[in-house]
Each structure stands twice: as C-alpha cells, then as structure tokens.
Amino acid sequence: MNEARTRQSNNSPPRTGLFRTLACRSNSRIGASGSRVGTLAALRWSASPLLLRAISFGWLAVWFAGLNLRPLGEPDEARYAEVAREMFASGNWLTPKLDGFNFFDKPALQYWASALFYSLFGVHEWSARLWVALTGLLAMLAVGWAGKRLYGARTGWVAAVVLGSTLLFVAGAHINTMDMGVAAFLTVAICLFLVAQFDPAAARQRQLLNLLGWTSVALAVLSKGLIGLVLPAITLAVFMLLEKDWSILRRMTMGWGLCVVLCICAPWFVAISLRHPDFFDYFFIKEHFSRFLTNAYDRDRQWWFFIPVVLLGLFPWAVFLPLSRSGWRNALESRSERFLLCWIVVVLVFFSASHSKLPFYILPIFPALAILIARRLSTLTIRALAWRFMGISALAVTLALIALALTISTRHLSQHIDMRPAQMWLMRGLGALAIVSAACAFLLTRRFSPATVVSLLGFTTLLVWQMLFANIVTIANNLSAAPVAQLMLPRMHANTEVFTVHAYLRGLPFYLQRVVTVADEDPDDLLAGVPSRPEGFVTNISAFEARWSSAPSAVAVVDPRLLSSFRADKLPMRIIGSTSSGVVIERPRDATTP
C-alpha cells in the first residue's frame, strides 16, 4: 500500500477508528443503529486540553517520584552510580573507574551525565537514577511524536501512555542500569527514521531528520557499545530484503550520517585506547563477542527466556496484541508498521541467540510494541475494547492471587528475608488495577472519552508500579551497601582503611565517599583493573590479617563464615553489627600494632 495514502487515511477521521479526531467536540451517536455499544468511530475525542495537560503534569510528578526512596541495589545500580561518582570526584572524565580500579565494561556517556548531575545537585541516590528516568521519558516523547506524525494524534498519545506504564519499561526507567539509555536512543533513532522515510510531509526535512537519527545512533553506541549500531543495521538490511526495496539507502544521508557517528564516538574510543592499550581487547572482544558467544558470565538462559519477559513486561497492555494471524495481517498494512515488526523480531532473535541474557536487554522492542498496540486500539469496537479492559481486570486478579500464594525467593536474597510485605503491596496494587480496569470498561459503555479511559488506566498503572518500588525499602536494604555504610561511618576517620572480605559491595565506596580495599575475592568486573590499583586488592586471608593488624584504624564487612577463623587467629576485632551483606567489624584502637 502506498505510504502516503496510508498516512492520510490514518490521520483523517476513520470510519472504524478509536477516536474521530482530537479536536472534535460535536455530539455524535454511538453505533450506526444508535445503540450505546457500537463502533469507536462514533465516539468523539472529548478530553479537553486542560485534562490532557493535567494528566501530563501528573504523569511527570509520578514519573520522578520515588527516585530517592530506595537505596542503590547491588550490583548494577551501585556499580554505575559509583563509577560516575569517582569520575566527578577525581575530575578524570576519560577513564571510568570502579573503586579506584580501571573499569572498561561500558562506554562513558551515562557516567558523564550522572557526574554532571552530581555536580549540579550533589551525590544522591536520586541524582544517580536521574539519567535513566530522563532517557525513559525521552523514549515516551519519541514514540508519541512518531505516532502522531505517522498515524495521527490519537495514536501518538496512546503510544506514549502505553509505553510509560508497561511494567518492564517503568522498572528500567527507575533502576540505574545502562539498558534504558541505549534503548531510549535507539528508540529516538528508529522514530526519526520512520518519520523521515514514511511520512510524506517530512520530505523537505528528511536530511535533518536523518542526521538527528544518526546522532541518536552515536549516542546509543556511547551508551552501551556496538549494539547501538548493529541492531539498526541488521533490522534495516532485513527490512529492505523483505520489501525488495534498496532505494531506502539513498534516502538515509548515509555518508554524512556515518561521519556524524564517527565524530561523536571516535574521540573517546581513540583517546581511551591510546591511554590504556588494554581497553580495545577488553571492551570490544571480551565485553562484546565473548559475552554474546560464550557463557563466561553465567547469564545463559533458555532460547525462549525473553518471550515470557516481554509478555509479563507489557502488562497490562499485552491483551491488546493481535491474537490471530488475520489480526497481525491487519496490523501490518503499512510499511512503517512492517518495519516496526521487523525491528521487534530482529532484536528478539538477536538477544535470544546471545549467551548473555538479562530481562532489561529486551527493552529496545517496547517502544515499537507500544506504537503497534496503539494502532491496534484504533480498530476495536467499544464492545471489544471493553472486553479487553475486563481481560486486564481478570489478569490482574489472577496475578494478585499468585502473588499472595507463592513464596518469593531469589538467589540474591538470604533465606531469612521476609518477602511478605512486598507480596502484600503487589497484591494490593494489582487489586487496584483490577478495579480501575473494570471501571474503565464500564465507563466506555457510558460514552466516556476513550482518551480519558486509556489515560486513566495508564496513570493508575504507573502509580501502582511507583508505589510498589517505594514500599520495598526493606528488601532493597538487603540488596544494598547502604546499611553497611551506616554501621561504618560513625567509626571512621580520615586515616581509616576500609576492607571488604569475601563480601564485596560495589556501592560501599558510593555511600562512604571513598574507595575500599577488596580482600579474598575475585569480582569479574574488577579483576582486569587490578593492575591500575594493586594496593586496593588483597589476594587471601593471611595477607588481609597482616594488613589489618598493621593498620592504625580499620573497619571491614566480612563474610560471617570467616569469623570463627579470625577468632582462632586472634585477629584484633570488635563486631559493630550485622547485615544481610555481612558482619561489620572494626579494629579496636587499644589493640597492639605489630
């Protein structure tokens, strides 16, 4: 189908669409026969601009709420927050360091951004998470803009609402990892590409849109590495092969675009490679090819791992995915929609084939799914939409009962941690979603605006996720270095040496605002950097005991299983307290120094 005709059809008041038009205020009958349950085409988009603004401001308030209510989790949140803190504290913006050791796992963009936030707002948990929250919001704005340009204002609004309330996307935008940054910039790049290629009104702006898209690709590379370039390249190749259309390459400003990518990315990669000759092999070979091709990091899962992750992560909007072959066929009537599906399949297959799998890796497909779901909504009748909302209600009730019945445990939690408070909060939140979703179904049959109903469910869902994050502080403390730091800080002085003995915590330097010495442990993210700070690494217990006994002042968090051997060796120590991460000890000041 001709793309210009498709877009014109999508932007005009559809005969079977979800909403007649954004500005339409005329009264209309519901259904051709005048019945209250008819096609959504008979409904007007009656949400006032004031209501939409109120929803937007409320969304922003809830989106950024709670960034400081949880301590930084181990290991990822704490690791990336600390690398940025050391960059800010040292003034060395070239070489990422973790606990004083060179740390070459990821590029520097997120560290630069977080270090900038530290300089503006101070070193806090919320400022450490601010980058992921902002990039998540950027992805929402991108899908809203692209949806509006390609399919009309109603699709853009719904796409942004859907994306900003799905479980996995909200979690990714509030947990400090590298995955949201790369997902957001890939989203911006894909949205710019879609508009530049498939929106006839953008013909005069195509070169500018293309260059902005290439800039986003470069920022994706600086966020997490080569996948920022590889995933778009594979998707484009597959799409052109399936469509038998290679003319897209002539419309992508590829020459100048690659120059933009090189100009943005090359300076840092070249500079750090010249400063640290071991960077190239570690970053490009070990962190890219070894992670993808081998199970060196114990992150391999079954090939179908991401399928349940996507379906659960899309909650509550997964019920709007097409359930039949004809439904998918109808959803792919335009080339832009086929490109979105191609992107979803390529990313899903790519990460499913990898030997390194974590839930947040699949985040880049969620914006594309949000746009396709928003398009799907515009084809449903009132009755069908109401039934979908009832399906969400039933699914929420089912998940709430499962949350109540199951005993939750993970390998990261010690067995004495009580998970029941989190289970209860999750059950209450899902119960609230079930009630609101059922109410939305009822409101649809009472001629309420679909814009209002969809926004109500999206806002409630976001609020539930944020309330859940805010009320798992007890569990978060058990996964954080914060309680250990709270025990240590009153006992520390300027010359106090801090150790972790078989109990390394990446966030401990963040909360203590100083580096620590690692003893009797081989963390895989530190080993390559040990030569850059050899004095910060103690290889065994005997060496630690000697170092401890000679220190004028020292504190440590230790594996509790080591206490008996310390007592047997008559190590001078006093127990300060105990946490789920280990036992905190100090060297008594009156102990004799050998």
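Here are some notes:
- Rounded to the nearest 10 degrees, the inclination of helix 366-377 to the longest alpha-carbon principal axis of the chain is 20 degrees.
- Per residue, the accessible area of the range 334-396 comes to 28 Å², computed with a 1.4 Å probe over protein heavy atoms only.
- Per residue value of the accessible surface for the range 433-563 (all protein chains in place, 1.4 Å probe), Å²: 37
- Additional length obtainable on full extension of the chain from Thr294 to Cys263, 0.36 nm per residue less Cα span: 7.9 nm
- Taking Lys and Arg as +1 and Asp and Glu as -1, the other residues whose beta-carbon sits under 10 Å from that of Thr517 total -1.
- Ordered by solvent-accessible area of protein heavy atoms (1.4 Å probe), largest first, the residues Cys259, Cys342 come out as Cys259, Cys342.
- Residues whose placed amide H lies under 5 Å from that of Gly577, excluding near-sequence neighbours: Val584
- Here the chain is treated as a Stokes sphere of Kirkwood radius computed over C-alpha pairs; at 10 °C and 1.306 mPa s its diffusion coefficient rounds to 61 µm²/s.
- Heavy-atom accessible area order for Leu241, Leu457, largest first, 1.4 Å probe: Leu241, Leu457
- Glu287 accessible area, 1.4 Å probe, all protein chains in place, Å² to nearest 10: 20
- Considering the range 145-248, its Cα convex hull presents a mean projected area of 7.2 nm².
- Modelled label reach - Asp278, point 7 Å along Cα→Cβ, the range 498-524 residues with backbone N closer than 19 Å: 516-524
- Apportionment of accessible area to carbon and sulfur, the chain, percent (1.4 Å): 64
- Arg533 accessible area, 1.4 Å probe, all protein chains in place, Å² to nearest 10: 30
- Taking all protein chains together, Asp199, Asp524 sort by accessible area into Asp524, Asp199, largest first [probe 1.4 Å].
The values are calculated or read from the model by the stated rules, or taken from the named source; none is laboratory data. Owing to the predicted nature of the structure, the values given are computational and were not obtained by experimental measurement. Glycine gets a Cβ as well: all are built from the backbone with ideal geometry, and neighbour counts include every protein chain shown. To get the accessible areas, we keep the full protein, side chains included, count just its heavy atoms, and leave off ligands, DNA and RNA. Shrake-Rupley method; radii C 1.70, N 1.55, O 1.52, S 1.80 Å.
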